[in-house]
1. Enumerate by residue number the trypsin sites (Lys or Arg not before Pro) in the stretch 634-711 meeting two conditions: DSSP loop (anything except H, G, I, E, B), and at most 16 other Cβ atoms within 10 Å of the site's Cβ.
2. Measure off, as a whole percent, the carbon and sulfur share of the 1.4 Å-probe accessible area of the chain, all protein chains present.
3. Would you mind checking which residues have amide H under 5 Å from V371's amide H? H placed 1.01 Å from N; only 5 or more apart, or other chain.
4. Suppose accessible area is computed on protein heavy atoms with a 1.4 Å probe; arrange H525, H731, H407 from highest to lowest.
5. With a ≥ b ≥ c the root eigenvalues of the C-alpha gyration tensor of the stretch 689-740, is it rounded (a/c under 1.5), prolate (a/b larger than b/c) or oblate?
6. Largest first, how would D417, D207 line up by accessible area (1.4 Å probe)?
7. Using the beta-carbon distance between E292 and F680 and R0 = 30 Å, what value does 1/(1 + (r/R0)^6) give for FRET efficiency, to the nearest 0.05?
8. How much length is gained if the chain between Q403 and Q363 is pulled fully straight, taking 0.36 nm per residue apart and subtracting their Cα-Cα distance, in nm to one decimal?
Amino acid sequence: MASRSYSNLLDLTSCESPTFARSGKKMSRVATVAGVLSELDDDNKSNIGSDAPSTVSQERMIIVGNQLPIRAHRRSDDEGGWDFSWDEDSLLLQLKDGLGEEVEVIYVGSLKEEIDPSEQDDVAQTLLETFKCVPAFIPPDLFSKFYHGFCKQHLWPLFHYMLPLSPELGGRFDRSLWQAYVSVNKIFADKVMEVISPDDDFVWVHDYHLMVLPTFLRKRFNRVKLGFFLHTPFPSSEIYRTLPVRDEILRALLNSDLIGFHTFDYARHFLSCCSRMLGLSYQSKRGYIGLEYYGRTVSIKILPVGIHMGQLQSVLEMPETESKVAELRDRFRGHTVLLGVDDMDIFKGISLKLLSFEQLLNQHPNKRSKVVLVQIANPARGRGKDVEEVQSETFTTVTRINQKYGHPGYEPVVLIDTPLQFYERISYYVIAECCLVTAVRDGMNLIPYEYIICRQGTQHLDNTLGLSPLAPKKSMLVVSEFIGCSPSLSGAVRVNPWNIDSVAEAMDSALIVSEAEKQIRHEKHYKYVTTHDVAYWAQSFLQDLERACRDHVRRRCYGIGFGLGFRVIALDPTFRKLSVEHIVSAYKRTKSRAILLDYDSAMILQSPLDTNINAEAVGILNILCNDANNVVFIVSGKDRKTLSQWFSSCENLGIAAEHGYFVRPIESREWETCIAAPDFYWKQIAEPVMQLYTETTDGSFIDSKETSLVWNYHYADPDFGACQAKELLDHLESVLANEPVTVKSGQHIIEVKPQGVNKGLVAERILTTMQNKAMLPDFVLCIGDDRSDDDMFEVIMKAMASGSLSPVAEVFPCTVGQKPSKAKYYLEDTSEIMRMLQRLAAVSELSWTNGTPRAPRGTLIREEEPVIPPPTN
């Protein structure tokens, strides 16, 4: 089952481990971990792809979860050993039905039972050969810190909106528990690496236990096809940002190709966190939401999971179910049953439900002796003081209600806190008139779905209950607003579980609603649940994962970053990083150079409110300008007054201000215009509109220039600022529809400027004038950082084919950072731009020492243009 050779299976861990060769040997399936691993080790072992051609012909999905869908039982005979069987209740097993028979499924996860190290090899081999499962054996002490520590003490409470305001509420952040979490995720990554064929297989990681696993897989296989689904809520940014390792987890999740959530609220919170903490923005195209992350598009999937219809139907058909339904029918004859099925934990709202039922009996005496609440309390998945408090409060409340309102032959609340067989739980669904789910926070909760299917019943159950098979089915649901399935159940009575009176009234409403309305609600829910089952969910996720990974093959990928800050750069084949050695070599060979630079955010990363010039940048510009072979221009969106002040010491520097509307040629102090000066009366329309949005958007301001108006929301709340910007864009486009202006959005700005003004005009005039003066450029460097610079890049690329450049010209259109751009090259940030310009300046300085003249040049770009008076102070 193992794929082609991948040695050093523990190459993401810091401990020394053996290297297993894949060919001709039986490979060990056991990974051991000594101690706790740091998340910052082994940062140089990423690669781009596979090391051999794939031989896998069948599509394969590797499903990774905290626990394998396996039940293990120790044999009681003298031989010992283990017996294994599928866990039919496991979602990981159920989703297999939606992937199709043509997809081979391999499971990676841990076992609930502790396996002795001496047995681990044999157990692993048995599970792989019989069940296609790869077990991750976690040392007990490490697993305790991982699961009961970081997962249950930190992530689970936080994701359910419980802040550790005191040691009793989840506990303070413990770095050792975080390290254990990272270590276990590494072990899971190692197990995936044992079986993966990275060029062919899909990997689907499940839930909050394994949120940093995508980083380790992406680190080893840059093009791995990787999906992640979160089964819990994702909290709002105000809650999530309190997590000390918030950035590490976000960046790890972004190493997936597809991230799935149950509801739009959860996805919206995740996107908001990415925006506020990482500065990432998302776009929605043709119904798909995507985040641009270092050249990769991380897709967001919103689809609630469903139930396994086949399993439920088979249990409903069991004789045991029919017998249990008959027993419950007789037991509750003459009573209306309300049903609650919840885990015994603090987020399921059991005590709130009981208090609401108590209120119902108190306010509606006619319901006493007629209505029974059956509360099934499943064992808690976690442990600790909070679980004990929930149990104590539940038992106390049940006892009080039964003592107050009960009498011989009538027990108002039936609490079942012992484990039930699945068919027993199903039987309670069948006889319940209404199902109550009042969790205060829950990721999905499939109890309502199961209830709806069971209320549809079967012919045998209808006979048992004395119902006609042709009679319409009916059901009623009271669900919390704070559970993931609530948006899908449009016919349910939605409640705020914290409002006891409201929940009590909802119970009463559910009991007195007409039979016809119960039927209508049931039909609507039944149609949705049956068409959105677990198979549909899994198939839809796989289809979107295939779409998200479609461009992997044609992209050039390489990894950068250390530890959990690792990420993959994905580039279009025609878009590559500028080689400094290449451009320096070209600079040395050429004699007629055109250099066009955007200063702000291209050469220097500058705050919108910073008015100081960078002395180092000015020094470099002076050296480049004083080279007689160079024509150097600053092409900026800044106003001409600011640029004049900043570059007053650069005598041979040409300047284009306000995106090229104003041009100050080389060796001139007079400003010219690129187009005929228009009337700026439109400012009287646009500025009041911008002022309105400025007053209502804290942190925004208006930058009023001679030819344009810019609304800047760089310092505003990211979400609100972006929302206001969209509204302002629509507003301005409406009121300025008949004016000779262009309204554009940019990096945290909305700009209004005259039509026809762009940086491309400046680039075109520079190249044309050099050609007219017999200075045919053989070297062109153009650097910008945003969409306004694309006009320059486009002009320069077209000039190569139009004859405006030397036939042997070297052309370098370069943008800052990796993003969609018309540039051919990129450099990572402004520091790399400055280092590259320093290298070019050093070449010019060296040429002067070798006797190259620094003679002044004649004025460039002095055509018959109207002279504009200098800006007033």
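The values are calculated or read from the model by the stated rules, or taken from the named source; none is laboratory data. In this text, all values refer to a predicted model and were calculated from it rather than measured experimentally. All Cβ positions, glycine included, derive from the backbone under ideal geometry; neighbour counts span all protein chains shown. When the accessible area is computed, the model is the full protein with side chains, heavy atoms only, and any ligands, DNA or RNA have been set aside. Shrake-Rupley method; radii C 1.70, N 1.55, O 1.52, S 1.80 Å.
1. Here the sparse-neighbourhood loop sites are R669.
2. The nonpolar share, carbon plus sulfur, comes to 49 percent.
3. T336
4. Solvent-accessible surface, decreasing: H407, H731, H525.
5. Oblate, because a/c is 1.5 or more while a/b does not exceed b/c.
6. If we order D417, D207 from most to least accessible, we get D417, D207.
7. Once rounded, the FRET efficiency stands at 0.25.
8. Between Q403 and Q363, full extension yields an extra 12.7 nm.
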